[in-house]
């Protein structure tokens, strides 16, 4: 089966750094996405990793290890507006179709 | 500007009634998806479609139906057979080669 695990909740302080981990067990793996979702809104794209290593984009970085089935999202210089859910998603190719399978999401609360 | 439009944004339904959620995209994407999200949970795949006149069941297709008569349109019908239809429904399309999902703003369905 396809399975993606990430912590349910995390808290952090404004200005700090936080790392959100994600582990996955999937077949037909084609890449790992991170999305941000504020309450009541649609998810927005943050990052995409298809090869092993670190991808940096401003305050956000994402890491992938395909051999370990592991990814993390690193958020630096945290701001209050970063309080949101962060969804880890695996792109899988199965039966001739591409689809994104999502984890349950990690709710991040940033406090002053 | 290109994007995905979902309607209605909010919908109330009585038990036993079917309801259809609209999803239209002008991004020229082939693949389209319907996800369901319950409070505090991640996204679960209902149906997806790779091309016109073709669609596949996702993980929780029971009680739902779709059609894909045009590339731009992928409506979802929530039937009376769906036992717990109150949820936030998200439509998305997939950008080919990058795997990035573009989401509509969502439709919140409440069954009274």
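Please treat every number below as a calculation from the coordinates, not as lab data. Quick caveat, the model's predicted, so the values are computed rather than measured. Note: ideal-geometry Cβ built from the backbone for every residue, glycine included; neighbour counts use all protein chains shown.
Tell me whether the range B:76-83 contains one or more residues that are assigned to a strand (DSSP E or B), within 19 Å of residue B:56 (Cα to Cα), within 10 Å of chain A (Cβ to nearest Cβ) and touching a residue at least 40 places away in the same chain (Cβ under 8 Å). Steps first, please.
Just the residues of the range B:76-83 that are assigned to a strand (DSSP E or B), to begin with: B:76-78.
Cutting the leftovers down to within 19 Å of residue B:56 (Cα to Cα) gives us B:76-78.
When the remaining residues are screened for being within 10 Å of chain A (Cβ to nearest Cβ), the result is none.
Looking for residues that are assigned to a strand (DSSP E or B), within 19 Å of residue B:56 (Cα to Cα), within 10 Å of chain A (Cβ to nearest Cβ) and touching a residue at least 40 places away in the same chain (Cβ under 8 Å), one finds none in the range B:76-83, hence no.
Residue check: is residue B:106 at positive phi and buried (at least 17 other Cβ atoms within 10 Å of the Cβ)?
yes
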query = Which condition does residue B:91 not pass, out of (1) crowded, with 19+ Cβ neighbours inside 10 Å; (2) in a loop (DSSP other than H, G, I, E, B); (3) within 11 Å of chain A (Cβ to nearest Cβ), if it passes all the others?
reply = (2)
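Hey, among the residues in the range B:34-43 that are in contact with a strand residue (DSSP E or B) (Cβ under 6 Å, 6 or more places away or on another chain) and over 20 Å from residue B:24 (Cα atoms), which one's surrounded by the most Cβ atoms within 10 Å (Cβ to Cβ)? Quick ask: steps written out before the conclusion?
So the first thing to find is which residues in the range B:34-43 are in contact with a strand residue (DSSP E or B) (Cβ under 6 Å, 6 or more places away or on another chain), and the list is B:34-38, B:42-43.
From what's left, over 20 Å from residue B:24 (Cα atoms): B:38, B:42.
Working: B:38: 12, B:42: 22.
Checking each candidate, the answer is B:42.
Residues that are within 11 Å of chain B (Cβ to nearest Cβ) and either in contact with a strand residue (DSSP E or B) (Cβ under 9 Å, 6 or more places away or on another chain) or within 22 Å of residue B:43 (Cβ to Cβ) (or both): find the strands (runs of 3 or more DSSP E) completely inside the range A:3-112 holding 3 or more of those.
A:29-37, A:44-49, A:84-94, A:97-102
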task = Specify which of the listed residues (A:68, A:99) is over 13 Å from the mean Cα position of the chain (by Cα), buried (at least 22 other Cβ atoms within 10 Å of the Cβ) and over 29 Å from residue A:13 (Cα atoms).
result = A:99
